[in-house]
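Notes follow once the structure below has been shown.
Every number in this text was worked out from the coordinates using simple rules, so none of it is lab data. This structure is a prediction, so every number in the text was calculated from the model and none was measured. Note that each Cβ is placed from the backbone with ideal geometry, even for glycine, and that neighbours are counted across all protein chains shown.
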Amino acid sequence: MQTRKTFWPYGILISIFAIVCACAYTIYYSLDYPVYMDDYYFDKYQKVDSKFNDIQAAQSNFNREFSFDLTPQIELNGEILPNEVEKLRKRKTATIVPLNQDFTLKFDTNATKYSAKILLTRPDSSEFDKELAPQISDGKLIINDLNLTKAGRWQIKVKLAVDENKTGFYQVELYAK
């Protein structure tokens with residue numbers, strides 16, 4: 001008979017204890033972070049989830065009657081810059097904009113009477129989120145004095161509402177460098 005001891009029973013118990021500790025730490029860590037708003041639809045995710053079909057119908061109604069050009073016209077010191085594109089992952093592209101300089105973005109639309117909400121954000125964090133005040137003139141949605149202070153990807157999320165049944169949601173990718 002062998003009297004050789006093995007570590008396996010202790011290893012299994014230590015592994016189970018480590019898994020329980022990791023689960024407890026994950027729960028503790030996640031309690032400090034609130035549920036974020038769904039930025040794309042400018043509302044809490046619970047409301048978006050319950051009214052998703054209505055939101056999609058309003059988007060479809062808006063797209064049927066109006067247009068919104070997702071390619072911005074970039075104006076720096078009164079001069080229109082050419083649209084350069086940065087390739088991102090998953091076949092996405094982003095318009096290149098100047099870093100640490102005040103510039104203006106103009107978007108073409110044929111909607112005339114609408115309300116607009118615009119959010120500037122980074123895709124990986126809500127730390128830099130900022131609501132922007134747009135101007136509406138001559139078939140253009142204008143965002144003045146935009147200054148991106150950190151290099152990398154940025155997003156502009158736009159909500160155009162003509163009425164309750166005609167609302168358009170758009171997202172524009174920017175790359176500051």
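May I ask which of 130/177; 47/150; 51/166; 113/150 have a Cα-Cα span longer than 24 Å here? Cα-Cα > 24 Å for 47/150; 113/150; rest within.
When only Cα pairs below 8 angstrom with a gap of at least 6 residues are kept, the chain shows a relative contact order of 22 percent. Modelled this way, with points 7 Å down the Cα-to-C-beta line, the labels at residue 15 and residue 85 are 5.0 nm from one another. Placing dummy labels 7 Å off each Cα toward the beta-carbon, the span from residue 163 to residue 27 is 5.1 nm. Helix 52-65 and the longest principal axis of the C-alpha atoms of the chain enclose an angle of approximately 30°.
Each principal axis of the Cα atoms in the stretch 37-176 has its own extent, and those three values, largest first, are 40, 34, 28 angstrom. For helix 8-30, what angle does its Cα long axis make with the longest principal axis of the chain, in degrees from 0 to 90 and rounded to 10? Helix 8-30 and the main axis of the chain meet at about 30 degrees. Annotation: lysines with alpha-carbon distance below 16 angstrom to residue 44 (same-chain offsets under eight excluded): 117, 157, 159.
Beta bridges from DSSP with both residues in the chain: antiparallel share about 95 percent, rounded to the nearest 5.
Judged by the gyration tensor of its Cα atoms, with axes a ≥ b ≥ c, the stretch 15-108 is oblate; a/c meets the 1.5 cut and b/c is at least as large as a/b.
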